[in-house]
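S.K.: Here you go, one structure.
The values are calculated or read from the model by the stated rules, or taken from the named source; none is laboratory data. Quantities reported herein were computed from a predicted structural model and do not represent experimental measurements. Cβ placement follows ideal geometry from the backbone for every residue including glycine, while neighbour counts extend to all protein chains displayed. Surface accessibility is based on the protein's heavy atoms, side chains included, excluding ligands, DNA and RNA. Shrake-Rupley method; radii C 1.70, N 1.55, O 1.52, S 1.80 Å.
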Amino acid sequence: MVTITDTISIHSKKELDMINITDELESIVSRSKLNAGICHVFVAGATGALIAIEYEPGLKKDFPDLLERISPKDLYYAHHETWHDDNGRSHVRASLIGPDITLPIRNGRLVHGTWQQIAFLELDTRGRSRELIVTLTGD
Amino acid sequence: MVTITDTISIHSKKELDMINITDELESIVSRSKLNAGICHVFVAGATGALIAIEYEPGLKKDFPDLLERISPKDLYYAHHETWHDDNGRSHVRASLIGPDITLPIRNGRLVHGTWQQIAFLELDTRGRSRELIVTLTGD
Amino acid sequence: MVTITDTISIHSKKELDMINITDELESIVSRSKLNAGICHVFVAGATGALIAIEYEPGLKKDFPDLLERISPKDLYYAHHETWHDDNGRSHVRASLIGPDITLPIRNGRLVHGTWQQIAFLELDTRGRSRELIVTLTGD
């Protein structure tokens, strides 16, 4: 068994940008020559998240709409008093979704559904540059 | 260290079916002869999810009720315009919960609480057959 | 590659206690002498959760406020009829957030953002003692 490490650079343009990283993950798995194992992806930052989703224009609106229903933009957030910041909603949404996702590797390929992609979701109130940390372990 | 791979077949009957897979996972861990490591489970499909829950009749209603509060059945979903489909709620619920869960293996057994089971949750608008992908890594 | 196992003892005082475990995780990774790999943390219990969050007083209120919006304390929960219990909200919140989190290890250190900590969140209706299960795999 081996551990293989890689990164994916992300440049989001604005809040709620959803960026499909499935192709990059598939390339990393393919280059690794691993046959079976797991692929872990992580965002080091408290206002971004990783999701599995059918990456199509409708859901790119529907999923942010769900987040707006449960943590509205215009609500009071105590976080703003700590830093005189404006991204309380970004933080609570990111904590609920989570910063990590893990997928299987089988027969040398990343496993996911045909209509299931892996995406980075920008939850901060502006676009940002980030590095996703990818770790593969397997045979 | 080794990687061991397996699958669990799921046949859900209807939307919001919650299927306890703890026994199957315990058997897979037991057969693996691993002493310590992790057990990763994944659903390859964008309208199913894996959860940890006390598997009892009350929560089998309460957890779907939570999903209905945050992404109601009768809401407008832009996803329906893409495919003339009816399962926008299924997708956003699945993306929020997540398609993967990872549990520890200790002393040759899957670790979970006495009143904490692992379940597949059907979020699509009809029953479906699916294969869960199980990957163990450890010693 | 090796598997290294450890535990973290948690003593929560009351519902919604958020306990920062980042330092303990960093110590475990440091002691492991692993250079690269993953660090998996799990709570064996259906009324606790693990989150990534900026651990500061504002968000320690904002995140519980989000949970109260989506699964209010005073709602009817069918779970209470099963056990004549009072913690239906605890269960559904925990199942939504999830009992596990996995972080990368790079250059001998646990990877997380500067303003991103890992915390245990007590969701039960009273304080409890718990053991978190930590599993590292890597080189």
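S.K.: What number of residues in the stretch A:95-122 are more than 9 Å from chain B (Cβ to nearest Cβ), at positive phi and open to solvent by less than 30 Å² (accessible area, probe 1.4 Å)?
M.R.: 1
S.K.: Something else: What residue, among those in the stretch C:125-139 that are surrounded by 23 or more Cβ atoms within 10 Å (Cβ to Cβ) and not hydrophobic (A, V, I, L, M, F, W, C), is farthest from the chain's Cα centre (by Cα)?
M.R.: Filtering the stretch C:125-139 for residues that are surrounded by 23 or more Cβ atoms within 10 Å (Cβ to Cβ) and not hydrophobic (A, V, I, L, M, F, W, C), the one farthest from the chain's Cα centre (by Cα) comes out as C:GLY138.
S.K.: Does the stretch C:55-67 contain any residue that is open to solvent by less than 10 Å² (accessible area, probe 1.4 Å), in contact with a Lys or Arg (Cβ under 9 Å, 6 or more places away or on another chain) and hydrophobic (A, V, I, L, M, F, W, C)?
M.R.: Yes, because at least one residue in the stretch C:55-67 is open to solvent by less than 10 Å² (accessible area, probe 1.4 Å), in contact with a Lys or Arg (Cβ under 9 Å, 6 or more places away or on another chain) and hydrophobic (A, V, I, L, M, F, W, C).
S.K.: Select from the stretch B:1-15 the residues that are open to solvent by less than 50 Å² (accessible area, probe 1.4 Å) and over 25 Å from A:GLY37 (Cα atoms) and list them in ascending order.
M.R.: B:SER12, B:GLU15
S.K.: Still on this structure: So the check is Cβ under 7 Å with 6+ separation or different chains; which pairs have a first residue in the stretch B:45-65 that's more than 7 Å from chain C (Cβ to nearest Cβ) and closer than 16 Å to B:ARG93 by Cβ and a second one that's among the aromatic types (Phe, Trp, Tyr) and assigned to a strand (DSSP E or B)?
M.R.: B:GLY48/B:PHE120; B:LEU50/B:PHE120
S.K.: Another one. Here are C:ARG69, C:ARG93: which of them is modelled with pLDDT of 95 or more and farther than 15 Å from B:LEU59 by Cα?
M.R.: Working: C:ARG93 fails: farther than 15 Å from B:LEU59 by Cα.
C:ARG69 is the lone residue from the list that is modelled with pLDDT of 95 or more and farther than 15 Å from B:LEU59 by Cα.
S.K.: For residues that are more than 7 Å from chain B (Cβ to nearest Cβ) and open to solvent by 90 Å² or more (accessible area, probe 1.4 Å), tally how many sit in the stretch C:70-83.
M.R.: Number of matching residues: 4.
S.K.: Go through the stretch B:17-54 and count every residue that is open to solvent by 50 Å² or more (accessible area, probe 1.4 Å) and not charged (D, E, K, R). Full working, then the answer.
M.R.: Within the stretch B:17-54, the subset open to solvent by 50 Å² or more (accessible area, probe 1.4 Å) is B:20, B:23-24, B:26-27, B:30-31, B:33, B:35.
From what is left, the residues that are not charged (D, E, K, R) are B:20, B:27, B:30, B:35.
Residues that pass the stated criteria total 4.
S.K.: Determine which member of the set C:ASP6, C:ASP62, C:ASP23 is in contact with a His (Cβ under 9 Å, 6 or more places away or on another chain) and not aromatic (Phe, Trp, Tyr). Reasoning before the result, please.
M.R.: On the way: C:ASP6 fails: in contact with a His (Cβ under 9 Å, 6 or more places away or on another chain); C:ASP23 fails: in contact with a His (Cβ under 9 Å, 6 or more places away or on another chain).
The match here is C:ASP62.
S.K.: Among the residues of the stretch B:103-116, are any free of Cβ contacts under 8 Å to residues at least 60 places away in the same chain, within 19 Å of A:LEU67 (Cβ to Cβ) and in a loop (DSSP other than H, G, I, E, B)?
M.R.: Going through the stretch B:103-116, the residues free of Cβ contacts under 8 Å to residues at least 60 places away in the same chain turn out to be B:111, B:113-114.
Restricting the remaining residues to those that are within 19 Å of A:LEU67 (Cβ to Cβ) gives none.
Within the stretch B:103-116 (the criterion being free of Cβ contacts under 8 Å to residues at least 60 places away in the same chain, within 19 Å of A:LEU67 (Cβ to Cβ) and in a loop (DSSP other than H, G, I, E, B)), the answer is no, since none of the residues qualifies.
S.K.: Right, here's the next one. Can C:THR125 be described as part of a strand (DSSP E or B), among the hydroxyl-bearing types (Ser, Thr, Tyr), more than 11 Å from chain A (Cβ to nearest Cβ) and touching a Ser or Thr at 6+ places or on another chain (Cβ under 8 Å)? Please lay out each step first, then the result.
M.R.: On the way: part of a strand (DSSP E or B): no; among the hydroxyl-bearing types (Ser, Thr, Tyr): yes; more than 11 Å from chain A (Cβ to nearest Cβ): yes; touching a Ser or Thr at 6+ places or on another chain (Cβ under 8 Å): yes.
So C:THR125 fails the test.
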